[in-house]
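Quick one: this structure, given as C-alpha cells, is what I'll be asking you about.
The values are calculated or read from the model by the stated rules, or taken from the named source; none is laboratory data. Given the structure is predicted, the values throughout are model-derived calculations rather than measurements. For neighbour counting, all protein chains shown are included, and Cβ atoms are generated from backbone atoms with ideal geometry for every residue, glycine included. Only protein heavy atoms, including side chains, enter the accessible area calculation; ligands, DNA and RNA are left aside. Shrake-Rupley method; radii C 1.70, N 1.55, O 1.52, S 1.80 Å.
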Amino acid sequence: MLTLYNSLTRALEPFEPVHANEARVYSCGPTVYNYPHIGNMRAYVFADVLGRTLSFKGYKLTHVINITDVGHLTDDADAGEDKMEKMARTRAQSIWDIARHYTEAYWADIAALNVRQPAKWSIATDYVPQMIEFARSIAERHCYELESGLYFDVSTVTDYGRLARLVTDEGESRIEPVEGKRNAADFAIWRKTPPGESRQMEWDSPWGRGAPGWHLECSVMSGDLLGFPFDIHTGGIDHREIHHPNEIAQNQAFCCTSGLDVPANSGARVWMHNNFLVERSGKMSKSSGEFLRLQLLIDRGYHPLAYRLMCLQAHYRSELEFSWENLGAALTRLKRMLIVAERLRDAEASESVHPKLAPMLETFEAAISDDLNTAIALTALEDVLAAKKIDAGAKRAVVERMEAVLGLDLLGKTRADLRLRPTSAQITEKEIGATLERRKAARAEKDFAASDALRDELAEKGVEVMDGDPLGWEWKLG
C-alpha cells in the first residue's frame, strides 16, 4: 500500500485514487521571469519521483505542470508588481519573449535532471477566458469589487487557512493591506490595470481591463485539465502558507463544497509539499542577481544527475543543505554505481527476479511506498549492484525496476558522461591525455622527478591527477 503525507491533514494516509486505477496530479510550475534556482528544481525532482512511483505502482498517471507567464506578483502574499512585467521593463524586451526564453531554459533544466515530461504543460495565458468564466461563476457569492480589482472574501468559505494552520495575526502580517478589503487575508483574483497605465499582458473582463491573479490560474488549470476533485496537488513548502490556501478557497467556492474535514472538498484529496533546499552563503535568492542555478553546477564540472542524486539522498519533507562538498560526494556516489551498471548494459534482463535479489526489491518497494523514502531506496539499489555471483541479466532486471522510480539513468550513462569540463578549465582533454601518457612513461622508467613535474604542470592548469583512485578515475578538472 502506497502511503503519502497529506499536508492538509498533517498525517500519513493510504493512497486511494479518486478514479479507479488512475492517478491525477497537478504540480505548481515556475513563474518564467528568470532562471529557476536549484532550490526551485528540487520541487520537480520530488514531483517526478512521485509520478514515477505512481506509475511503478500500476496507476495510469496524468501529470500536469503549469507555466505561470502572468499574474504572479513580486511578493507571493499578493502584493507588489507583476514579476513578468517588471522583468520585461528591466530587460527592455517583450514580455512574450521573456516568457519564451525562461520557459525554454526551465525545460532544458527539466531534461538535464531526467525529469519525465508531464502529460500536459499548461500555459497560464492560454486559459485567460476560462479564468474569467471561473471568476464570474463565484463572484456573486464570494467576491467583491474594489477600485483595484475583484477580491475574494475568505470569510465566505469554511476552514480558510487550514492547510497552513494559520494563526491569524501571523498569517495576515505577510499580506499587504489594501484599502477597502473586508478581511486582511482577502486576495485579488482579478487586478485592474490602474488608470493611465498599460500592461503588455492585459485582457477585458467584467471588472475592467486587467490581468488574473496568480492564485486563480492554478485553480482554473487544475480543474479544467484534471477535474475536481483530483488526486494530488504538489508544490514547495513556501506555497503551503498563502498560495495553496487561496487555491483551496477558490476551489471550495467553485465546487460549492463545505468544510475541509473532507479533504476532497479542497479540490485535491492530497496536498504534498517538499521542504527547502538550504544554502548557507545566501546564493539561493534571485534578488541577489547572482544565484545558484543548474547551469552554474554544470559550469563547475558537476553533472546535473549528481544534483538529482543529492536530492534523493534526503527525504523530500526534510530540509536539504547544499554545499559543493555534498554535491561532490553525490557525484562520487553516482560514479561508483555506474562502475557496476556499465557491466549490465549489454545483458538481457531476466524475466523473473533472482531469489537473492528479491529481498532487496522488497526493501526498495517498501521504502518508496512509505511516503517516497528515496534514501532507503537508494541503499537497496546499491545492495543489488554490490551483490556477488549473480547473473548480469538478473541484476539488470531489478536495476531497471528501481531505476524506473529513481531516474538516475544508470543504464544509459557512462562515467565519461559524468566528467564535465568546467568553463574555467584552460586545457583540453586531448592535452590532458597526452600529458598523462608522458607521465606514465616517466613512471615506468622510474623518472619520478619528471613524473612529479608533469603532475605539477597539470595541477597549474586545474587538473588533479588521482593516482590510486579506486574508481579508476585518473584525473578530474577542478
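Within the set of pairs 6 or more residues apart or between chains, which connect a residue that is free of Cβ contacts under 8 Å to residues at least 40 places away in the same chain and within 23 Å of Leu372 (Cβ to Cβ) inside region 394-414 to a residue that is in a helix (DSSP H, G or I) and among the hydrophobic types (A, V, I, L, M, F, W, C) with Cβ atoms less than 8 Å apart?
Qualifying pairs under 8 Å: Glu403/Leu381.
Conditions tested, residue by residue: (1) touching a helix residue (DSSP H, G or I) at 6+ places or on another chain (Cβ under 6 Å); (2) aliphatic (A, V, I, L, M).
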{"position": "Val278", "(1), (2)": "no, yes"}
{"position": "Tyr302", "(1), (2)": "yes, no"}
{"position": "Met310", "(1), (2)": "yes, yes"}
{"position": "Ala341", "(1), (2)": "no, yes"}
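Which residue is surrounded by the most Cβ atoms within 10 Å (Cβ to Cβ), if the candidates are limited to region 180-205 and must be in a strand (DSSP E or B) and aliphatic (A, V, I, L, M)?
Looking at residues that are in a strand (DSSP E or B) and aliphatic (A, V, I, L, M), I get Ile189.
If you check Gly213, Gly235, which single one turns out to be open to solvent by less than 10 Å² (accessible area, probe 1.4 Å), more than 22 Å from Leu4 (Cα to Cα) and under 32 Å from the mean Cα position of the chain (by Cα)?
After applying the criteria, what remains is Gly213.
Among helices (runs of 4 or more DSSP H) lying entirely in region 32-134, which contain 3 or more residues that are over 25 Å from Leu296 (Cα atoms)?
Working: elements: 38-56, 83-91, 95-112.
Filter on region 32-134 gives 38-56.
Failed condition for Asp417, given (1) open to solvent by less than 40 Å² (accessible area, probe 1.4 Å); (2) under 25 Å from the mean Cα position of the chain (by Cα), with all others met?
Asp417 satisfies every listed condition except (1).
Taking region 310-365, which residues are part of a strand (DSSP E or B) and open to solvent by less than 30 Å² (accessible area, probe 1.4 Å)?
The one that is part of a strand (DSSP E or B) and open to solvent by less than 30 Å² (accessible area, probe 1.4 Å): Leu320.
Of the conditions (1) more than 25 Å from Ile138 (Cα to Cα); (2) open to solvent by 50 Å² or more (accessible area, probe 1.4 Å), Arg240 clears all except one; give me its number.
If we test Arg240 against (1) more than 25 Å from Ile138 (Cα to Cα); (2) open to solvent by 50 Å² or more (accessible area, probe 1.4 Å), just (1) comes out false.
Also: Among the numbered criteria (1) among the polar types (S, T, N, Q); (2) closer than 16 Å to Cys218 by Cβ; (3) open to solvent by 60 Å² or more (accessible area, probe 1.4 Å), which single criterion is violated by Gln93?
Result: Gln93 passes all but (2).
I would also like to ask the following. Out of region 296-309, which residues are over 15 Å from Gly39 (Cβ atoms) and either surrounded by 18 or more Cβ atoms within 10 Å (Cβ to Cβ) or of a type outside the set (Lys, Arg) (or both)?
Ile298, Asp299, Gly301, Tyr302, His303, Leu305, Ala306, Leu309
Exactly one condition in (1) out of contact with any strand residue (DSSP E or B) (no Cβ under 7 Å at 6 or more places or on another chain); (2) part of a helix (DSSP H, G or I) is false for Phe291; which is it?
So Phe291 meets the others, but not (2).
Say we look at region 437-464 and pick out the residues that are in contact (Cβ under 8 Å) with a residue 12 or more places away in the chain, open to solvent by less than 80 Å² (accessible area, probe 1.4 Å) and not small (Gly, Ala, Ser); which of these is nearest to Arg419 (Cα to Cα)?
Among residues in region 437-464 that are in contact (Cβ under 8 Å) with a residue 12 or more places away in the chain, open to solvent by less than 80 Å² (accessible area, probe 1.4 Å) and not small (Gly, Ala, Ser), the one nearest to Arg419 (Cα to Cα) is Val463.
Testing Asp261 on (1) surrounded by fewer than 23 Cβ atoms within 10 Å (Cβ to Cβ); (2) in contact with a helix residue (DSSP H, G or I) (Cβ under 8 Å, 6 or more places away or on another chain); (3) farther than 26 Å from Ser424 by Cα, one condition comes back false. Which one is that?
Of everything listed in (1) surrounded by fewer than 23 Cβ atoms within 10 Å (Cβ to Cβ); (2) in contact with a helix residue (DSSP H, G or I) (Cβ under 8 Å, 6 or more places away or on another chain); (3) farther than 26 Å from Ser424 by Cα, Asp261 misses just condition (2).
Among (1) surrounded by fewer than 16 Cβ atoms within 10 Å (Cβ to Cβ); (2) within 25 Å of Leu12 (Cα to Cα), which single condition is Leu378 missing?
In the conditions (1) surrounded by fewer than 16 Cβ atoms within 10 Å (Cβ to Cβ); (2) within 25 Å of Leu12 (Cα to Cα), Leu378 misses (1) alone.
Identify, please: which residue in region 53-74 is closer than 18 Å to Gly235 by Cβ, modelled with pLDDT of 95 or more and not aliphatic (A, V, I, L, M) and is, among those, most open to solvent (accessible area, probe 1.4 Å)?
Thr62
Would you pick out the residues in region 316-330 that are without any contact (Cβ under 8 Å) to a residue 60 or more places away in the chain and either hydroxyl-bearing (Ser, Thr, Tyr) or closer than 30 Å to Leu12 by Cα (or both)? Spell out how you get there, then give the answer.
Looking only at region 316-330, we keep the residues that are without any contact (Cβ under 8 Å) to a residue 60 or more places away in the chain, and these are 318-319, 321, 323-330.
Hits for region 316-330 are Ser318, Glu319, Glu321, Ser323, Asn326, Ala330.
Quick check on my filter: what residues within region 386-400 are farther than 25 Å from Leu2 by Cβ and open to solvent by less than 30 Å² (accessible area, probe 1.4 Å)?
Passing the criteria: Ala387, Ile390, Gly393, Ala394, Lys395.
Go through region 221-231 residue by residue and tally those that are of a type in the set (A, V, I, L, M) and either open to solvent by 30 Å² or more (accessible area, probe 1.4 Å) or out of contact with any Ser or Thr (no Cβ under 9 Å at 6 or more places or on another chain) (or both).
Within region 221-231, residues that are of a type in the set (A, V, I, L, M) and either open to solvent by 30 Å² or more (accessible area, probe 1.4 Å) or out of contact with any Ser or Thr (no Cβ under 9 Å at 6 or more places or on another chain) (or both) number 1.
In addition: Can you find a residue that is assigned to a helix (DSSP H, G or I), of a type in the set (Asp, Glu) and under 22 Å from the mean Cα position of the chain (by Cα) anywhere in region 385-408?
There is at least one residue in region 385-408 that is assigned to a helix (DSSP H, G or I), of a type in the set (Asp, Glu) and under 22 Å from the mean Cα position of the chain (by Cα).
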